[in-house]
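Student: One structure, as C-alpha cells, below. Some questions next.
The values are calculated or read from the model by the stated rules, or taken from the named source; none is laboratory data. Being a predicted model, the structure only gives us computed values, none of them experimental. Here the Cβ is made from the backbone with ideal geometry for all residues, glycine too, and neighbour counts use every protein chain on show.
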Amino acid sequence: MKLKKMWRRSFGCEQLIKKEDSSLSLLELDMLRLQTGASHTYDSGEQEFALVILGGHCTVQGDDFVYENIGQRKDVFAGPATSLYIPRRKRFTVIGLDQVSIAVIKSPSDLDTPSVLVSPQDVIVKTLGKHGWKRDSHFIIDERIQAKHLFIGEAYVYPGNWASYPPHKHDQDNMPMEGALEEGYYYEFNLSSGFGIQKVYTEEGDIDETYTVQSGDMVEIPRGYHPFACAPGYYAYYLWFMAGKRRGFFMSTQPAHKWINAVDIILDKQ
C-alpha cells in the first residue's frame, strides 16, 4: 500500500489525492500554485472546500463572496495561516497576486453553510507534548466552523522531536474515547536538506509503512497509528487535515505506550 505522494511544485493545479487513486474515501487534496495574475476556477459541487494558503497572496471571487488580497505569510514558517472555508455548490476563482501556494482540501458535504475566512488572528495556537515530543499545534478549521467533515490545522515540530506521539489512532467510532477520522499530512522543513520519518501501522500489522519525508511530500493515513519524527537540526512543519463524522481530536493511544503519558520527563540541564 503506497501512502506517500509528492508535490512537484509546478505551476497550476496538481491533484495529490484523488478518489480513484487513494486509500481515503472522505478526503481529496489539490496543491495549487499560481504566478502573479494567473487564476484557477473551481466548482465545489457536492463537496466542501478548505483553502489553506501556504505562502503568498491571492484574491478569491465566488458566486456570492469576494475575499481580496488574502494571505499574510511568505511561507509556512512565517506565522499562522490564512484559510478559507467554502461550502458545496459554489463556483469560485482563485487569482494569484504574487506567487502563491495553496493546499485545497475537499470532502463530501450535504450542508449549505456560509463561506468563512479564517485570518491568522483566528488561528488557535497551543504547545503540545513534553520534552522529546514537543510541537506547536495551530487549529484552523475546527468546531467553530459549520463544516460537515473537515477538521484542519498545522503542526510545527521541534528539532529531534516526535509528533503524533505517543502513537495514537482514530479509526473506530467508539465515542467518547475515539472517533473515526481519515487524515493526511503534508510536510515542509525549514531547510532544503531537512527530513523526517513518518510511520503508519496497525496493531494487526495489515498496514506497516515507514517513509522518509521531505518538503513537498504528503502521506495518507487511512487508519492506524501514525507517529512522526523530525531529524535533529531541523524544524518540521506539517499540514494535518482530517475528515470524519466526529470532528475533533477523538483518539486512542496505542496500549503498549500508554504509560508514557503519565511520566514526567526530566529536562537535561544544559
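Student: Among the residues of segment 179-189, is any assigned to a loop (DSSP other than H, G, I, E, B) and of a type in the set (Ser, Thr, Tyr)?
Tutor: no
Student: May I ask you to verify whether Arg73 is on the phi > 0 side of the Ramachandran plot, surrounded by fewer than 22 Cβ atoms within 10 Å (Cβ to Cβ) and not in a strand (DSSP E or B)?
Tutor: Answer is no for this residue.
Student: Still on this structure, please answer the following. For segment 43-70, which residues satisfy the criterion of being closer than 14 Å to Leu32 by Cα and of a type in the set (Gly, Ala, Ser)?
Tutor: Answer for segment 43-70, where residues must be closer than 14 Å to Leu32 by Cα and of a type in the set (Gly, Ala, Ser): Ala50, Gly55, Gly56.
Student: Here's a follow-up. Just for segment 200-231: of the residues that are under 12 Å from Phe189 (Cβ atoms) and not in a strand (DSSP E or B), which one is farthest from the chain's Cα centre (by Cα)?
Tutor: Ala231
Student: When you go through Ser137, Ser119 one by one, which is the residue that is modelled with pLDDT of 95 or more, surrounded by fewer than 21 Cβ atoms within 10 Å (Cβ to Cβ) and under 19 Å from Phe250 (Cα atoms)?
Tutor: One residue alone meets the criteria, Ser137.
Student: Report every pair of residues separated by at least 6 positions or lying on different chains whose Cβ atoms are under 9 Å apart, first residue within segment 8-27 and at negative phi and surrounded by 12 or more Cβ atoms within 10 Å (Cβ to Cβ), second aromatic (Phe, Trp, Tyr) and assigned to a strand (DSSP E or B).
Tutor: The qualifying pairs are Cys13/Tyr42; Leu16/Tyr186; Leu27/Phe241.
Student: Something else about it: Any residue at all in segment 93-103 that is surrounded by 13 or more Cβ atoms within 10 Å (Cβ to Cβ), of a type in the set (D, E, K, R) and on the phi < 0 side of the Ramachandran plot?
Tutor: Within segment 93-103, one or more residues are surrounded by 13 or more Cβ atoms within 10 Å (Cβ to Cβ), of a type in the set (D, E, K, R) and on the phi < 0 side of the Ramachandran plot.
Student: Pick from Gly205, Gly179, Gly248: which is at pLDDT below 95, buried (at least 22 other Cβ atoms within 10 Å of the Cβ) and among the small types (Gly, Ala, Ser)?
Tutor: Exactly one residue qualifies, and that residue is Gly179.
Student: Can you tell me which residue is modelled with the highest pLDDT among those in segment 251-270 that are β-branched (Val, Ile, Thr) and outside any helix (DSSP H, G or I)?
Tutor: Thr253
Student: Right, something else. Among the residues of segment 28-61, what is the count of those that are in a strand (DSSP E or B), surrounded by 17 or more Cβ atoms within 10 Å (Cβ to Cβ) and in contact (Cβ under 8 Å) with a residue 40 or more places away in the chain?
Tutor: Number satisfying all stated conditions: 19.
Student: I need every pair where a residue in segment 125-142 that is closer than 18 Å to Ala50 by Cα has its Cβ under 7 Å from the Cβ of a residue that is of a type in the set (Ser, Thr, Tyr) and outside any loop (DSSP other than H, G, I, E, B), sequence separation at least 6 or different chains.
Tutor: Ile140/Ser83; Ile141/Ser83; Ile141/Tyr85
Student: Name the single residue, out of those in segment 166-176 being over 30 Å from Gly233 (Cα atoms) and assigned to a loop (DSSP other than H, G, I, E, B), that is modelled with the lowest pLDDT.
Tutor: The extreme case among them is Pro176.
Student: Output the residues belonging to segment 147-163 that are closer than 14 Å to Lys134 by Cα and either under 16 Å from the mean Cα position of the chain (by Cα) or surrounded by fewer than 20 Cβ atoms within 10 Å (Cβ to Cβ) (or both).
Tutor: Glu154, Ala155, Tyr156, Val157, Pro159, Gly160, Ala163
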